[in-house]
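What follows is calculated from the coordinates using simple rules that are stated; it is not laboratory data. Note that the structure is a prediction, hence the values are computed from the model and not measured. Backbone-built Cβ (ideal geometry, glycine too); neighbour counts: all protein chains shown.
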């Protein structure tokens, strides 16, 4: 075994990239631990690797005394003379062990564990040094296996982990597939994986465009912001440092080839590329594309934007489940409130704003009341219950409550006295029994609290 030790050290060092000196130190420490287990923990033992012969040499050192009482730390003068004729009492004598294979099975197992532990530490250090400068890059690997929803990716030299919450939802890979991901974290010491990947972070999308668009890697086009809902939709804002270079056109590519490569890598995620602007009004105009914007009001103090769009563009501007405006808000870092032209015009009308002062009346309900020709609080106070119940969201009790509330605000007495008693109802949800009931109804309650509609 010892005759091949040098060859084994050289091979491991070459194959795994571990410093040869670290391997030798691991072997020396392992043999020293084994020798102590075999010979006694109080012995002073020194282990050296002989580079010339490729052998491990073990020495034990004991004090020379007249008569040895402790074999582990002392050697008698007579025995010492056999080893060294020039030895003197009080000297420390080193004795080489001729055959370290006599250390025993338990000691050998201990040595093996020490070597394995040291090699793992050395290999972790090698991996850390190899990838620490690649933090923030896109790496490519092969799906190795799955572990409790996490994906283990083989990067060639080592494995990395793609956590479940960093995988694009509803997009599946199988074992053996090639995959690209963003190197999010490089751990120096870790029990599991040192490398943590992500396919859902905003930086992954930015890096993919950098790889596909030469103008970005050259610094002509700059990515100013990214917002994503991974697997569904994303927005990326770009600007150009040269007036003759269209940043959006550069990212789209000839016949959409560049952006399609990114979309394909993200397995169908829809990507909107917008032109960045230092003016928040212009920026939000671009960010809400493909919807058209009629007007933008900027509130610098509250960092919010009121965006007015044509009536037929409202649903497009908001997007499915608010996705479009949510991504635009994240891209700008501003709060965005989108309203249709009709809704904005209504908000400028004093009568409409008066309707909104009634508790339980939101903009959607105010729009419906206005559409029925009730243009102010005063008109609502003079209305009949039947005038309101034609609106689907209003029943008789709620209608009575609205008429009564409008009368209190405007000072106009209600037309029908019985409606006043109903209007004093408390919020439905406060006295509502268990079970499903219409939350728009108002129930009779106690006390003088203001009525509230659930």
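Describe numerically, in nm with one decimal, the distance between label points set 7 Å from Cα along Cα→Cβ at residue 299 and at residue 312.
In this crude spin-label approximation the distance works out to 3.1 nm.
For region 39-93 and region 358-389, what is the centre-to-centre distance using only Cα atoms, to the nearest Å?
105 Å
Once the piece of chain linking residue 337 and residue 96 is laid out straight, how much longer is it, given 0.36 nm per residue of separation minus the C-alpha distance between them?
Separation in residues times 0.36 nm, less the Cα-Cα distance, equals 78.3 nm.
What percentages, rounded to whole numbers, describe P(r) for region 147-298 computed over all alpha carbon pairs with 10 Å bin width beginning at zero?
Result returned by the calculation: 10, 35, 30, 18, 7, 1.
If you stretched the chain out fully between residue 282 and residue 83, how much longer would it get, using 0.36 nm times the residue separation minus the C-alpha to C-alpha distance? Walk me through the intermediate numbers first.
Working: separation 199, 0.36 × 199 = 71.64 nm, distance 9.29 nm.
Full extension from residue 282 to residue 83 adds 62.4 nm.
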